[in-house]
Amino acid sequence: MAKSSIKIRAKERQGVVTVKCLISHPMETGMRKNKKTGKLIPAHFIQNVVARHNDKDVLDAQWGGGVSKNPYLAFKFSGGSKGDTITIAWTDNKGQGDSKSAKIK
Amino acid sequence: MNTDMKRRVFLKGSLAASTVGIAVSAGLLAPQTVLAAWPEKSFHAKSPKDALDGVFGSGQTEASNKIKIKAPDIAENGAVVPVTVKSDIPDVESIAILASANDSPLIALFNLGQNAMADVSARIKMGKTGDVIAVVKAGGKLYANRKGVKVTIGGCGG
């Protein structure tokens with residue numbers, strides 16, 4: 001298996017779970033030019049990120065090209081406990097995607 | 001006999017491969033159905049108001065200092081500006097992050113699930129000095145706050 005594009009850290013403290021994740025992705029806006037050829041670099045960015053706690057959706061994010069390269073995402077939610085599963089899944093404008101699960105610590 | 005055996009092995013192999021193929025395509029299909037809802041128009045909108053109009057159906061926002069935006073006063077590198085949006089407003093449904101000076105101001109939209117708290121962080125690109133605008137939808141109303149960020153090196157140019 002290729003190395004996953006997602007890194008997840010999820011921590012529970014006093015009933016609140018903090019999830020931090022990093023996704024490796026070029027996030028090309030489609031407005032940047034290749035300096036040598038002068039041609040536009042085609043757009044390639046993540047459009048949708050879904051975070052699930054066990055089987056329930058916690059966060060559904062829609063992104064544009066304005067999100068930085070190798071995006072970082074952090075969010076908090078209540079009602080999670082240690083050992084629960086967090087799943088992060090993304091899809092980009094080319095239809096590619098990846099998902100990864102991690103346990104809450 | 002020998003060729004028949006090979007044929008069987010071949011069939012088995014291709015059958016296994018096709019089931020994997022089906023599983024993969026099924027896995028990919030789920031997020032694609034979600035993709036249909038991606039508000040393309042809003043992400044291409046040229047003004048924050050147009051973008052909000054497309055996402056929330058209204059560009060009318062009420063200024064609120066209950067929304068806290070954490071972003072640097074001066075961003076040395078516009079390609080990576082860390083932004084955190086928090087809000088004390090109850091029943092937050094979604095949070096939008098915009099950069100007023102970008103060609104396409106709408107950067108990200110976060111739809112919060114039932115248990116999610118109004119506290120999200122991301123890193124955004126800013127083309128030039130401008131405001132980071134956070135719009136929070138709660139109880140059917142839109143609230144907004146903004147924070148100026150000075151960008152020394154733009155993040156959208158080549």
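Observations
- Checklist (1) of a type in the set (A, V, I, L, M, F, W, C); (2) at pLDDT 90 or above; (3) buried (at least 19 other Cβ atoms within 10 Å of the Cβ) applied to B:Cys156, failing item: (2)
- Taken together, A:Val67, A:Val58, A:Val49 contain a single residue that is closer than 23 Å to B:Leu52 by Cα and more than 7 Å from every other protein chain (Cβ to nearest Cβ), which is A:Val49.
- Residues (buried (at least 24 other Cβ atoms within 10 Å of the Cβ) and over 18 Å from A:Gly97 (Cβ atoms)) located in region A:64-74: A:Gly66
- Enumerated strands (runs of 3 or more DSSP E) restricted to region B:74-138, each holding at least 2 residues that are at the interface with chain A (Cβ under 10 Å from one of its Cβ atoms): B:81-87, B:92-99, B:106-112, B:116-124
The values are calculated or read from the model by the stated rules, or taken from the named source; none is laboratory data. Predicted model, so just to flag it, every value in this text is computed and none were measured. Reconstructed Cβ throughout: ideal geometry from the backbone, glycine too, with neighbour counts over all protein chains shown.
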